[in-house]
Amino acid sequence: MKTYKIALIKGDGIGPEIIDEATKVLDAVASCFDFDFKYEEVLMGGCAYDETGDPLPQETITAALNSDAVLFGAIGGEKWDNLPREKRPESGLLRFRKELGVYANLRPAVVYDELVNASSLKPEVVSGVDLMVVRELIGGIYFGEPKGRDENKGWNTMVYTKDEIVRIAHNAFNIAMERSKRVCSIDKANVLDVSQLWRETVEEVAKEYPDVELTHMYVDNAAMQLIRDPKQFDVMLTGNIFGDILSDEASMLSGSIGLLPSASVGAKIGVYEPIHGSAPDIAGQGIANPIATISSASMMLRYALGENEAADRIDAAVKRALKEGYRTQDLAQYDAKEVCSTSEMGSIIANY
Ligand code: ATP
Ligand code: MG
């Protein structure tokens, strides 16, 4: 029997609640196959700062590097908002991604047939949406120098090197090859110099993928098109900040940010996490939707561990729970047959 080592980072806010449901489902699915999991729980974010004075203790990086994959909840919250930037939970997460070198963030946005009425858009607009945002994760304005602030001025710099663009572009084209073979690269090339380089470089990489159709779109138009006609997109290739914003927007097509998973890959160890944050406004109430995290665990099985059958099984269980009308509160206002708590939803999915 194979044992997979998973570094488990629950984090802050709803992080612990949703991770507990994901491990419940992982253990249930493992019992049907010939593997199991050994979890090593480590700290990151506000909880890590409270305990150790550092939002990203070295022990966490070491545990991640010694694991087969990292399953991550969410970090941050008002409590830590006034700390100096390098002590803040978010800076721990940015450093973590950089340390591991996970430069490609994959965010599928799929609209479940059962939830077409939960979307903020008309059912006919969202029905059948199945797109993937490929977001560059460890470059761009979140990392560029110079950055800083004084009393009257704040500044950040959007920097991309050609190498960084080339590697994320390859990622997007390779993913497109497995899908509908269309890449839309998002930039602001009419205003930003860095975007001009982005566009030219993506064009160059595209020559190696003659079967994939490449289009370009300015980010402001993309934000609009995503709502007007989301089905036009297959793979959306974006830089760090544009991808952050567009993938939150894309999540609302599906009905709730609590549904969408992500995988951060490109290095030896991948990080699997929901796209949402720590949702301090609903933490501790047992009402968070665990599906984004459960689906992230499924992506982990697929991309990191190669356990595709087990991943399929989780995906099918999620669909079945929705089909049978189980809804957490974020989705309940539309068509719930039964409103369930975070842990009830986890158990329902685990028991299928
Ligand atoms: P971050 O900066 O970490 O992305 P954020 O400021 O974007 O965080 P989130 O924590 O993602 O904020 O929360 C945004 C909103 O979505 C909140 O109202 C929150 O309650 C809700 N939300 C987030 N995750 C879930 C979930 N799993 N289930 C239900 N509601 C959620
Ligand atoms: Mg967010």
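The values are calculated or read from the model by the stated rules, or taken from the named source; none is laboratory data. Just so you know, these numbers come straight off a predicted model, no measurement behind them. Note that each Cβ is placed from the backbone with ideal geometry, even for glycine, and that neighbours are counted across all protein chains shown.
For the condition part of a helix (DSSP H, G or I), more than 8 Å from ligand 1 (Cβ to nearest atom), under 12 Å from the mean Cα position of the chain (by Cα) and surrounded by 19 or more Cβ atoms within 10 Å (Cβ to Cβ), Ala310 does not qualify. Applying the criterion of being assigned to a helix (DSSP H, G or I) and farther than 21 Å from Arg182 by Cα to the residues of segment 249-268, the residue that is nearest to ligand 1 (Cβ to nearest atom) is Gly258. Screening the candidates Gly239, Gly243, Gly258, Gly284 for the property of being surrounded by fewer than 22 Cβ atoms within 10 Å (Cβ to Cβ) and either away from ligand 2 (no atom under 16 Å from the Cβ) or in contact (Cβ under 8 Å) with a residue 60 or more places away in the chain (or both) yields one hit, Gly284.
Is segment 77-85 home to any residue that is closer than 24 Å to Ile9 by Cα, within 20 Å of the chain's Cα centre (by Cα), part of a strand (DSSP E or B) and of a type outside the set (Asp, Glu)? Taking every residue of segment 77-85 in turn, none turns out to be closer than 24 Å to Ile9 by Cα, within 20 Å of the chain's Cα centre (by Cα), part of a strand (DSSP E or B) and of a type outside the set (Asp, Glu).
Residues checked against (1) within 16 Å of ligand 2 (Cβ to nearest atom); (2) without any contact (Cβ under 8 Å) to a residue 60 or more places away in the chain:
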position	(1), (2)
His276	yes, no
Arg313	no, no
Tyr326	no, yes
Tyr352	no, yes
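Output the number of the condition that Ala206 fails; it satisfies all remaining conditions of (1) under 15 Å from Leu131 (Cβ atoms); (2) in contact with a strand residue (DSSP E or B) (Cβ under 6 Å, 6 or more places away or on another chain). Going through the list (1) under 15 Å from Leu131 (Cβ atoms); (2) in contact with a strand residue (DSSP E or B) (Cβ under 6 Å, 6 or more places away or on another chain), Ala206 breaks only (1).
Take Val202 and decide whether it is in a strand (DSSP E or B), surrounded by 18 or more Cβ atoms within 10 Å (Cβ to Cβ) and at pLDDT 95 or above. Write out each step before concluding.
Numbers: in a strand (DSSP E or B): no; surrounded by 18 or more Cβ atoms within 10 Å (Cβ to Cβ): yes; at pLDDT 95 or above: yes.
Here the answer is no, as Val202 does not meet what is asked.
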